[in-house]
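The values are calculated or read from the model by the stated rules, or taken from the named source; none is laboratory data. All of these numbers come straight from a predicted model, not from anything done at the bench. FYI the Cβ positions are ideal-geometry reconstructions off the backbone, even for glycines, and counts take in every protein chain you see. For the accessible areas, the whole protein counts, side chains as well, though only heavy atoms, and no ligand, DNA or RNA atoms are used. Shrake-Rupley method; radii C 1.70, N 1.55, O 1.52, S 1.80 Å.
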Amino acid sequence: MVSAAAAECGRLLKLGLVRDAVHEFEKGLAKNEKDEACLLGLARAHLSQGEGDAGRGPLVKLLALTPSHSEAQSHLAMLDAQGGDPAALKKLEELSLAPKAGFFEHYNLANTLQARGDTAGAEA
């Protein structure tokens, strides 16, 4: 279930008001630090702005609450791969191949492969 705070932040993101959404996600987390939708939304907002370091914290907190959260794992693996961790690419591949892999698991792998010059792999 998505909290009211996370729903409002999602609306702001859809309007392209990323900074406002970040502020509201932070307010939502001040009220409930375990709001998983706010943690994920805050991470997504930061990542959408190329702010990997700022996005990492909420992802780590989310995984502390739900270690099996594949989207959060994928975002962290993408950040680690960008940092040069060779094991992170393998993790992205594993997450993308999972039966319930979603958009971000595939996107993060493709984006990482594209950044490495593997256009064929990214397209696949």
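Would you mention how many residues in the stretch 77-98 are outside any helix (DSSP H, G or I) and within 17 Å of residue 60 (Cβ to Cβ)?
Of the residues in the stretch 77-98, 2 are outside any helix (DSSP H, G or I) and within 17 Å of residue 60 (Cβ to Cβ).
Would you check if there is a residue in the stretch 107-119 being touching a Lys or Arg at 6+ places or on another chain (Cβ under 6 Å) and buried (at least 20 other Cβ atoms within 10 Å of the Cβ)?
Here is the first cut: in the stretch 107-119, the residues touching a Lys or Arg at 6+ places or on another chain (Cβ under 6 Å) are none.
Looking for residues that are touching a Lys or Arg at 6+ places or on another chain (Cβ under 6 Å) and buried (at least 20 other Cβ atoms within 10 Å of the Cβ), one finds none in the stretch 107-119, hence no.
Does at least one position in the stretch 38-50 carry a residue that is open to solvent by 20 Å² or more (accessible area, probe 1.4 Å), part of a helix (DSSP H, G or I) and farther than 23 Å from residue 105 by Cα?
no
Which one of these is under 30 Å from residue 117 (Cα atoms), under 12 Å from the mean Cα position of the chain (by Cα) and in contact (Cβ under 8 Å) with a residue 24 or more places away in the chain: 45, 81?
45
Kindly check whether there is at least one residue in the stretch 60-70 that is among the small types (Gly, Ala, Ser) and surrounded by 19 or more Cβ atoms within 10 Å (Cβ to Cβ).
no
Which one of the conditions (1) modelled with pLDDT under 90; (2) hydrophobic (A, V, I, L, M, F, W, C); (3) within 17 Å of the chain's Cα centre (by Cα) does residue 5 fail to meet, given that it meets all the rest?
Result: residue 5 passes all but (3).
Hey, among the residues in the stretch 17-32 that are under 17 Å from the mean Cα position of the chain (by Cα) and open to solvent by 50 Å² or more (accessible area, probe 1.4 Å), which one's nearest to residue 111 (Cα to Cα)?
19
For a quick check of your reading of the model, give me the residue pairs whose first member lies in the stretch 58-73 and is over 19 Å from residue 94 (Cα atoms), whose second is assigned to a loop (DSSP other than H, G, I, E, B) and open to solvent by less than 70 Å² (accessible area, probe 1.4 Å), with beta-carbon atoms closer than 6 Å and at least 6 apart or on different chains.
62/69
If I filter the stretch 99-124 down to residues being of a type in the set (D, E, K, R) and not in a helix (DSSP H, G or I), which single residue comes out as nearest to the chain's Cα centre (by Cα)?
Here the answer is 100.
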